[in-house]
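The structure appears below as structure tokens.
The values are calculated or read from the model by the stated rules, or taken from the named source; none is laboratory data. Everything numeric here is computed off the predicted structure, so don't read it as measured data. Cβ placement follows ideal geometry from the backbone for every residue including glycine, while neighbour counts extend to all protein chains displayed.
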């Protein structure tokens with residue numbers, strides 16, 4: 001099973017009703033391609049990190065997508081987003097590989113990472129002497 005995250009930024013001058021219809025169109029395209037929407041979040045109007053087409057704000061939308069057989073219509077969705085003037089930016093990230101990588105790195109409880117599981121305890125917890133109280137002597 002593959003999982004993806006699709007985030008796109010809509011022009012802030014577009015009405016909320018148009019944003020909802022835009023989201024429904026993309027969700028329908030994704031579902032028609034054999035994937036399903038696991039999460040949908042409308043993050044609302046937020047300030048952009050840098051101006052895009054002289055705009056400093058945008059409406060953010062997040063879609064979590066899962067695909068059972070690995071076959072998706074995401075390239076077609078991205079192509080449509082690229083052509084749509086209402087979409088300022090979009091980003092699609094495949095997240096299942098990151099989740100697998102994180103599961104492999106998860107420590108087994110035998111000690112801190114990098115010590116080979118032999119947890120010596122030297123730097124595990126701060127000692128009272130290590131804490132700076134702000135009093136200079």
Quick one: is residue 109 closer than 20 Å to residue 15 by Cβ, at pLDDT below 95 and either out of contact with any helix residue (DSSP H, G or I) (no Cβ under 9 Å at 6 or more places or on another chain) or outside any helix (DSSP H, G or I) (or both)? no
Testing residue 50 on (1) in a strand (DSSP E or B); (2) under 18 Å from residue 29 (Cα atoms); (3) free of Cβ contacts under 8 Å to residues at least 24 places away in the same chain, one condition comes back false. Which one is that? (2)
Scan region 79-93 for residues that are surrounded by fewer than 16 Cβ atoms within 10 Å (Cβ to Cβ) and touching a strand residue (DSSP E or B) at 6+ places or on another chain (Cβ under 6 Å) and report the count. 4
When residues of region 1-27 are filtered for being touching a helix residue (DSSP H, G or I) at 6+ places or on another chain (Cβ under 6 Å) and closer than 19 Å to residue 68 by Cβ, how many remain? 2
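Listed here are the residues, each with its yes/no results for (1) at pLDDT below 90; (2) within 17 Å of residue 19 (Cα to Cα); (3) in contact with a strand residue (DSSP E or B) (Cβ under 7 Å, 6 or more places away or on another chain).
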position: 58; (1), (2), (3): no, yes, yes
position: 73; (1), (2), (3): yes, no, no
position: 76; (1), (2), (3): no, no, no
position: 105; (1), (2), (3): yes, no, no
Somewhere in region 28-40, is a residue assigned to a strand (DSSP E or B), on the phi > 0 side of the Ramachandran plot, without any contact (Cβ under 8 Å) to a residue 60 or more places away in the chain and out of contact with any helix residue (DSSP H, G or I) (no Cβ under 6 Å at 6 or more places or on another chain)? no
Could you check how many residues of region 66-106 are within 14 Å of the chain's Cα centre (by Cα) and in a loop (DSSP other than H, G, I, E, B)? 1
For region 64-71, state whether one or more residues are surrounded by fewer than 16 Cβ atoms within 10 Å (Cβ to Cβ) and in contact with a helix residue (DSSP H, G or I) (Cβ under 7 Å, 6 or more places away or on another chain). no
